[in-house]
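The values are calculated or read from the model by the stated rules, or taken from the named source; none is laboratory data. What you see is a predicted model, and the numbers here were worked out from it, not measured in a lab. Neighbour counts are summed over all protein chains in view; Cβ atoms, including those assigned to glycine, are modelled from backbone coordinates with ideal geometry.
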Amino acid sequence: MAEKASFKIIEDLPKEDVPKAISRRNFIKGVITSGVAVSSASYLFRASSLLQGQQVPAGVGERLITLNVNGQQRRVDVMKQETLAWTLRYKLGLTGTKLGCDRAECGSCTVLIDDIPLYSCSVLTHTVRGRKVMTIEGLARPDGTLHPVQQGVIDEQGFQCAFCMSGFIMTTVGYLKSNPNPTRQELAHGVSGNLCRCQDYDKILTALMRGADNTRRSLLG
Amino acid sequence: MDNKRLDNKKVVETTKAAEREYGVGHKLIGKNYETADLYAKVTGNAKYAEDFRSDGMLFCKLLLSPMPHARVKHIDARAALAIPGVKAILTADDLPAPADTLTDNGTVVKASKWGERGLTMEPVYQGEPILAVAAIDELTAAEAIETIQIDFEPLPFVVDPLDTLRPSGPNPRTDGNVWTRPPATASQGPGAPTVTELKWTESDFAELKKGRLPMGKTPDEWMYGDLDSGFKNAALVLDETFVTPDTSHQTLETRSAMAYWQNGKVYIYTGTQSTAQTLPAIARWLNIDPEKVVFISEYTGGGFGSKITGGVSMIIPALLAKKTNAPVMMRISREEETFIGRARPGFQGRMKVGFSKEGRITALDMFVICDNGPYDAVGDAPSSGRIVSLLYQPQAMRWRGVTVLTSTSASHIESVSSMSGASLSVTDSAGARHAADLVLLAVGVRPASELAHAAGATQGANGALVVTRQMRTNLPDVLAAGDCVETYHRLLDKPVYISLGTIAHKQGRVAGENALGGQRLFAGAVGTQSLKVFDLAVARTGLLERESRAAGFDPLTVEAKMFDHKAYFPGAKRLSVRLTGDRKTDRLLGAQIIGDRTSEISKRIDVVAAALFQDARVDDLNDMDLSYTPPFSSPWDPLQMAAQIWMQARS
């Protein structure tokens, strides 16, 4: 708490870029999690400034950008310090991406950025402009046909509570692009950045191996 | 969502062989089928509590107790309520009166004054919610929370159950430290559980000095068989103390909840392991008719026992929704979950076991102390005895147990010393506890740079990462700061390895700004640090004489002892200054000061540090306009006297 004052200084951000009432302190706390018990600001998001019914000049705080998400161009207002998980879940309504820890440990928020699996809780949204973002919602075909990895999970009834599932599936889809024919051990290493608290790893791996198999077959056929 | 697919529980093809084996009539056994939940889960359409939205939904944040046990004397929320967008504040005063519980076997359990209610004016564990703020968004709610002033009166607390069992140990609750149940009478069943006080004797605790768990009086005990002869006839008798840890559930989905009221009914969205047990619990906590509760739990991100009824915290958004007449979402962060998410309690126990030559257990004497946390009695201590009896089938057995209230949420590993005395308790890796007056830790610092190195980042001094003054590593888009990186030294004009919090803060700020597109340079360190050793303060900045020489300077060092302020003013104490400068250029190179902790040693070294930062000469130090008044310094500050001595020595 003693450090509160030292973060209040925001002189080195250009004035017009400082969103109303969002201090750097809160952003820093949001990303690093300070461990201060009284404060609970580690996991926050701001409603659109329009909702507050206040006159806020255009371009203050939020900035309209275009993102390529699941093959669609999406126009969205984002704050400078906004994470991709936040934008996807709370601005674009793509709630299949989960937040388990919001600090790059559990992997539940994994999405593909240009085919690379990344923790979306730790990627700033404005850094993915011009890149292709793929979430769990974008895997199945428009006609409802599942991606081979999704089908593998259904075939083997992998996962229990499945809060971690979309992260595991996205990691696997990304991993298979670089190693389409992994051994069980290689795939285990490939998804080692994802945690399952139900401790269902054995069945998850069986399902994901089936998904790898399905993927190879779909490429052949 | 593909409803047809979900509703039909589509049975995929079956084989004749499976039908032969499992018989006709089974719908699922031996057949391939798709469970009803999987399609929604793999497509990301499954809605967990935090995925629900409602028009006009507000958000709430909790204010958690920073203390393990305290009384809230006063809450000043005026500033919070004045913030635009803040809609309501909920405190313990807004909670409904506790209601009686009707158990599933029809018994009525009377409401207890010791029960948990969701918000409290007497927090009994660190992280217990005191109040909640509802606002138009989370950031506003969190900022409102930060403006709230609370006066706390700290109360005694207990982290280790043994501490409260000591003869004069503190109690975790104002009424005592254990749950007891008055014995059943002929006309009535056992009475309602009560918080009472249990203390053991000094002679009970003598065992601890021998490294064994003390075994005082316990409220619960049972026995069967002939224990004495079981031990007498045993070929081998072992008597061991053991410890099991608290285990935090840490479900991947935290206990977030959303609620609103419609036509006199409350709609609550959250995760559960049992709708049948959660719904009546909500009715009881809100003290309303179960008919008025609509409970929605489509998917649950893990429970492991922690979400059977769920946490009382879920009534907070429900009550705020009533107060604001709007839907309220309460998202629980991982940190908050660690406080309010609960855990399986750990034991400290002792087991004496007699074995026959054949390995049969002839007698088993079990003793457990269960860390209950501050609220309702957990049943793990009695369970432990039943399980051991069932599992090992001893010929004779005694079980004794005590469930001790503590100020933990049974989910922390904390090393807080007891308030009852000055001594520390150290638990070693075998679980044995040792009393000590002082624990010295001797540690070094090694940069944790393996991860970045494995990713291709270059390592430099002491294995720390090589970074530019913009804190960039050699990997694109990877910035690093703090104890894992090399630090630019202003005097040496090269990177060195120094692990200090002040430097980490400055580097982190530079790295953070540059991550957002900035071009800031880390100004560099001069190696300023201070340390308190009991009543002594030690501080240094810049280079030592040998470091100066190694860096190619021609150092001259003087040492002087003087009073920290005018000797005629009471309380003057001597301090020692060592000052190093370059003989050729007069450049100031460094200083070390040692003295009493009241002699402003650390601020005096900061004067030198500021001078070093500006590339000052030793005589600049002498010319500086420093403050003076007799209780604090002399007209020539000790630093300036040292500078004068240095200049004399040089000439």
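Some observations on this one:
- Residue within segment B:321-339 that is free of Cβ contacts under 8 Å to residues at least 60 places away in the same chain, buried (at least 18 other Cβ atoms within 10 Å of the Cβ) and within 20 Å of B:LYS47 (Cβ to Cβ) present: no
- If you go through segment B:528-539 and keep only what is part of a strand (DSSP E or B) and buried (at least 21 other Cβ atoms within 10 Å of the Cβ), you end up with B:ALA537, B:ALA539.
- First in segment B:363-391 and in a helix (DSSP H, G or I), second anywhere and of a type in the set (Ser, Thr, Tyr), Cβ under 7 Å, 6 or more apart: B:ALA381/B:THR403
- Just so you know, in segment A:136-158 the residues that are within 7 Å of chain B (Cβ to nearest Cβ) and not acidic (Asp, Glu) include one that is nearest to A:ARG103 (Cα to Cα), and it is A:ILE136.
- Residues of segment A:99-135 that turn out to be under 18 Å from A:LYS80 (Cβ atoms), in contact with an Asp or Glu (Cβ under 8 Å, 6 or more places away or on another chain) and more than 11 Å from chain B (Cβ to nearest Cβ), as a count: 2
- Check on B:TRP200, surrounded by 15 or more Cβ atoms within 10 Å (Cβ to Cβ), on the phi < 0 side of the Ramachandran plot and part of a strand (DSSP E or B): no
- Only helices (runs of 4 or more DSSP H) whose full extent lies in segment B:60-173 are considered here, and the ones with at least 3 residues that are in contact with a helix residue (DSSP H, G or I) (Cβ under 9 Å, 6 or more places away or on another chain) and more than 10 Å from every other protein chain (Cβ to nearest Cβ) are B:78-82.
- Test for B:LEU531: is it of a type outside the set (S, T, N, Q) and in contact with a Gly (Cβ under 6 Å, 6 or more places away or on another chain): no
- The single residue among B:ASN462, B:ASN474 that is outside any loop (DSSP other than H, G, I, E, B) and surrounded by fewer than 18 Cβ atoms within 10 Å (Cβ to Cβ) turns out to be B:ASN462.
- Index of the failed condition, B:VAL124 passing every other in (1) touching a His at 6+ places or on another chain (Cβ under 9 Å); (2) modelled with pLDDT under 95: (2)
- Selection of segment A:80-98 for residues being touching a residue at least 24 places away in the same chain (Cβ under 8 Å) and facing chain B (nearest Cβ under 10 Å) yields A:LYS80, A:GLN81, A:TYR90, A:LEU94, A:GLY96, A:THR97, A:LYS98.
- Qualifying residue in segment B:41-57 (condition: over 29 Å from the mean Cα position of the chain (by Cα), in a helix (DSSP H, G or I) and of a type in the set (A, V, I, L, M)): yes
- Unmet criterion (only one of (1) touching a residue at least 60 places away in the same chain (Cβ under 8 Å); (2) more than 20 Å from B:ALA321 (Cβ to Cβ)) for B:ALA111: (1)
- B:ARG342 being at positive phi and touching a residue at least 24 places away in the same chain (Cβ under 8 Å): yes
- Residue check: B:ARG587 meets all listed conditions (1) basic (Lys, Arg); (2) more than 20 Å from B:PHE563 (Cβ to Cβ); (3) touching a Leu at 6+ places or on another chain (Cβ under 8 Å) but one, namely (3).
- Residue in segment B:14-40 that is modelled with the highest pLDDT, counting only those that are within 12 Å of chain A (Cβ to nearest Cβ) and part of a loop (DSSP other than H, G, I, E, B): B:ASP37
- So B:TYR568, is it surrounded by fewer than 20 Cβ atoms within 10 Å (Cβ to Cβ), aromatic (Phe, Trp, Tyr) and in contact with a helix residue (DSSP H, G or I) (Cβ under 7 Å, 6 or more places away or on another chain): no
- Top-ranked residue in segment B:51-64 [being modelled with pLDDT under 95 and either over 23 Å from B:TYR269 (Cβ atoms) or charged (D, E, K, R) (or both); ranked as surrounded by the most Cβ atoms within 10 Å (Cβ to Cβ)]: B:ARG53
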